[in-house]
Amino acid sequence: MTTRVSTGIPKLDSLLEGGLLESTVTMITGGTGTGKTIMCLQFIWEGLQKGEPCVYLSLEEDAEEIKADARMFGWDLEKYEKKGLFRIMFHDPFETDVSSVLVNQIEYIKAKRLAVDSISMLGLYMKDQATVRKQLGKLMKAVKNAGCTSLVTSEIMEDSKALSRFGVEEFVVDGVIILNYLGIGDEANRSIQIRKMRRTAHGKDIYPFRINEKGIDIVGGSESLKIK
Ligand SMILES: Nc1ncnc2c1ncn2[C@@H]1O[C@H](COP(=O)(O)OP(=O)(O)O)[C@@H](O)[C@H]1O
Ligand SMILES: [Mg+2]
């Protein structure tokens, strides 16, 4: 049986046969300011609304900054934190063995959803690509075994044609979603593309999206979003 997990972006779900496959890891990749953090927050918020325990591991912004980002969209994460349904952690990968802390937290609250923002930060302290691939692979396997559906972000350089920072991350995940922003103007200049999604007949186009007071919204009617 395949269970689909809503991303929190209805039109994206419809491009994914209903959502992400349960217990899979999807990487969101893009340059700075493309909406990766907002997409993670929207996914987590969706889970919390459904009563699902969620974990957010931030490796760049501290927890207060992330919660402030979410509040801008009316997503009061603190409320769920107090209820024990949500855990947010900020760690410096140079100082902490992030993987074991993460798995402990997931098991502790029996998390159904996880966001790791960004996995590029995890790779920075590893000595070569082979180590990055091996360590990330191990981590991904652990979170999947714990029954978590995960979004992880990867920050790529402006104008980079690569899918990820180290060129190996895309191989250890089940799906890759690319966010783009031309950096001028608004909606027409942001786009989203599903580059890979295992076991899913997904939309293959590049779809424009906008960020508004409710978060990410894919532009266009259902006709233009039909899977071709
Ligand atoms: N309320 C809002 N309305 C419109 N755009 C917004 C709003 N909040 C943030 N943004 C846009 O989102 C960008 C930040 O998105 P973010 O998810 O933090 O990017 P990333 O994590 O990819 O670096 C901002 O630079 C801004 O362009
Ligand atoms: Mg970010």
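Every read-out reported here was derived from the displayed coordinates using simple, explicitly stated rules and does not represent laboratory data. A quick note: this is a predicted structure, and the numbers were derived from the prediction, not measured. Every residue, glycine among them, receives a Cβ derived from its backbone with ideal geometry; neighbour counts consider all protein chains shown.
Could you tally the net charge around P53, taking each other residue with its Cβ under 10 Å from the Cβ of P53, Lys/Arg +1 and Asp/Glu -1? My count for the surroundings of P53 gives +4. Peptides 156-163, 76-83 ordered by packing proxy, namely the average of other Cβ atoms within 10 Å per residue, highest first: 76-83, 156-163.
Here region 68-94 is scanned for amide nitrogen atoms under 14 Å from the site 7 Å beyond the Cα of D62 along Cα-to-Cβ, giving 68, 89-92.
Per-residue ellipticity at 222 nm for the chain, helices alone: DSSP H runs ≥ 4 residues times -39500 (n - 2.57), over residue total, nearest 500 deg cm²/dmol? Numbers along the way, then the final one.
Numbers: 7 runs with 69 residues, N = 228.
My calculation for the chain gives -9000 deg cm²/dmol from helical runs alone.
Applying a threshold of 24 Å to the alpha-carbon distances of K11/K161; K11/K79; K67/K161; K110/K141; K79/K110 flags K11/K161; K11/K79; K67/K161 as lying beyond it.
Rank A146, Q49, P10 by how far each Cα sits towards the positive end of the charge dipole of the chain (+1 on Lys, Arg Cβ; -1 on Asp, Glu Cβ) and give me just the farthest. Working it through, the farthest residue towards the positive pole turns out to be A146.
Taking every pair of Cα atoms in the chain, average 1/r, invert it to obtain the Kirkwood radius, and report Rg/Rh to two decimals. Don't skip to the answer; put the middle values down first.
Details: Rg = 16.4 Å, Rh = 17.6 Å.
Reported Rg/Rh, Kirkwood definition of Rh: 0.93.
Simple rule: put +1 on each Lys or Arg Cβ and -1 on each Asp or Glu Cβ in the chain, find the dipole, and look at L122, I184, G19; the Cα lying farthest toward the positive end is G19.
Using the Stokes-Einstein relation with a Kirkwood hydrodynamic radius computed over Cα pairs, the translational diffusion coefficient of region 138-204 at 25 °C and a viscosity of 0.890 mPa s comes to 178 µm²/s. Per-peptide packing, taken as the mean over residues of other Cβ atoms within 10 Å, places 18-29, 3-14, 203-214 in the sequence 18-29, 3-14, 203-214 from highest down. Paramagnetic label reach from Y125 (point 7 Å along Cα→Cβ; backbone nitrogen cut-off under 12 Å): within region 72-114, residues 91-101. Rounded to the nearest 20, the Cβ-based charge dipole of region 25-178 about its Cα centre (Lys and Arg +1, Asp and Glu -1) stands at 720 debye.
Residue pairs exceeding 29 angstrom between C-alpha atoms, taken from K36/K144; K83/K204; K82/K138: K83/K204; K82/K138.
Its residue count N fixes a reference of 2.2 N^0.38 Å for region 1-46, and the Cα radius of gyration divided by that reference is 1.17.
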